[in-house]
Structures are given as structure tokens and as C-alpha cells.
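Down below is the structure, laid out as C-alpha cells.
The values are calculated or read from the model by the stated rules, or taken from the named source; none is laboratory data. These figures come from a predicted structure and were not determined experimentally. Here the Cβ is made from the backbone with ideal geometry for all residues, glycine too, and neighbour counts use every protein chain on show. Quick note on the areas: whole protein, heavy atoms, side chains included, nothing else; ligands and nucleic acids left out. Shrake-Rupley method; radii C 1.70, N 1.55, O 1.52, S 1.80 Å.
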Amino acid sequence: MSSRREQIEDVASALFSDRGYRATSMRDIASALDIQGASLYAHVTSKEAVLASIVDRAAKRFHQALQPIADGPGTAAERLRRMIDAHVRVVADGRERAHVFLFEWTSLGPERRERIARARDAYEDHFTRVIGQGIQAGELIGEDARLAAVFLLSAMNGLAHWYRPDGPLGPEAIAGHYANLFLHGLERPPALGPGDRGAEAATIATAGGMQ
């Protein structure tokens, strides 16, 4: 991608993210670049073409970061932690482009929108599949892997609204918190009563005798 085209997409991403695609004109993009409209059209054919390019490139980045982890070695929980980290880093490394991909893609025309919808579904399927593998192996609890994937992605995608590079938490810390929340939740395990402690002790003693 030429440096001028990259500049155009960077500026357009910032404007689309801040104002929304529909509220941004080609004149706005040209003005932000301090160039004439005719010069802008020498590099891009339309506002939708700019949006499509931003969305396509962002979709590719998300897939390239995630797929090797989803298909790679490790338990479901281990892969989910790495997948969460990868997703958070893609958003943090290009928040405005990620925001456009996540929230402005519906402004594309029907053909382009359908293509991106398929790409988004395929990306979600990586999470659904790994969570489903964890449930099947007895490693994770739950009944609906797809709903769990939607829940997790919805939480992570919110980063595109509020993440700032100068904020108190970096991508690694945020990813770690998200992974812990998803895998362990907020609920404190109930305290053991006297009868429970006795049962627990008996279980431990039995397990020790079997070693």
C-alpha cells in the first residue's frame, strides 16, 4: 500500500471512528489531509471504497493473529487466553481501524457487506470451536459455546470505544483481566461448612491412598 493511500485510510479511519461513516464526507477526508478533492479521487474511487479497504485489511489482521492460535497446540483454556491476548492487541495496535471494522462495516453495500459478514462469522467460529472443545473435554463449563463466544467478543470489542495507549492498563494487562473474568468469573466460591470440610478431607485421604 502506498504511503499516500495509507495516509488516506488512517485519516478516514479516525473520522469514521469519531463521527461515523455516514456523517463523514470525502470533502472532510480531503480537508483533514489538506489536499483538494480532485487529488483525493486520484487515489480512491469513492468513500465506500475507502471503507471497504479499511474493513478488509482489519479483518485480515484479526484472522491472521487468531487462526494459528485456535488451530495450534494447547488446552482450550490455554488457547483461549492466547486468543484473547491476540484480539486485544489487534484492537490496541490500531484502535480506529478496528473500530471501523467492528462498528461501521454495515454501511458497506450489499455485496461487500455480505463478504465481511462471512468473514466475521468465520472469526467468531474460532472462539465457538475452541470453547466447544473445552466444554466437551470437561475443561470448561457451559451449555452453549456460541453464546459464550458472542459474550466474550462483545466484551472485547468494547475496547475499540474506550482503549487509549496512554491509559493505566496496557494490552497485556487488559487481556489478562479479560481472560480471568471469562474463565473464572467474579463469583467467590462458597465457604466450606463443617460437613463439607469433612467430606473434602475424606476425599483427599482417599485420593492419597490411591497414589
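The sole residue among Ile29, Ile69 that is in contact with a helix residue (DSSP H, G or I) (Cβ under 6 Å, 6 or more places away or on another chain), under 29 Å from Tyr178 (Cα atoms) and at pLDDT 95 or above is Ile69. Just one of the listed residues (Ser13, Ser46) is farther than 30 Å from Leu183 by Cα, open to solvent by 10 Å² or more (accessible area, probe 1.4 Å), of a type in the set (S, T, N, Q) and at pLDDT 95 or above, namely Ser46.
Which of the residues spanning region 156-166 are open to solvent by 30 Å² or more (accessible area, probe 1.4 Å) and not in a helix (DSSP H, G or I)? Even if it seems obvious, please write down each step before you answer.
So the first thing to find is which residues in region 156-166 are open to solvent by 30 Å² or more (accessible area, probe 1.4 Å), and the list is 161-162, 164-166.
Of everything in region 156-166, those that are open to solvent by 30 Å² or more (accessible area, probe 1.4 Å) and not in a helix (DSSP H, G or I) turn out to be Arg164, Pro165, Asp166.
Among the residues of region 19-63, the ones that are closer than 13 Å to Glu104 by Cα and touching a residue at least 60 places away in the same chain (Cβ under 8 Å) come to 8 in all.
For region 102-140, a residue qualifies if it is surrounded by fewer than 17 Cβ atoms within 10 Å (Cβ to Cβ) and acidic (Asp, Glu), and the qualifying residues are Glu111, Glu114, Asp121, Glu124, Asp125, Glu139. The residue that is surrounded by the fewest Cβ atoms within 10 Å (Cβ to Cβ), counting only those in region 59-101 that are small (Gly, Ala, Ser) and within 11 Å of the chain's Cα centre (by Cα), is Ala65.
Out of all the residues in region 141-155, is one or more closer than 16 Å to Arg89 by Cβ and surrounded by fewer than 17 Cβ atoms within 10 Å (Cβ to Cβ)? For region 141-155, residues closer than 16 Å to Arg89 by Cβ and surrounded by fewer than 17 Cβ atoms within 10 Å (Cβ to Cβ): present.
Counting only residues that are among the acidic types (Asp, Glu) and in a loop (DSSP other than H, G, I, E, B), how many does region 167-187 have? Looking only at that region, the number is 1. Of the residues Arg82, Arg129, Arg89, Arg120, the single one that is in contact with a Pro (Cβ under 7 Å, 6 or more places away or on another chain) and basic (Lys, Arg) is Arg89.
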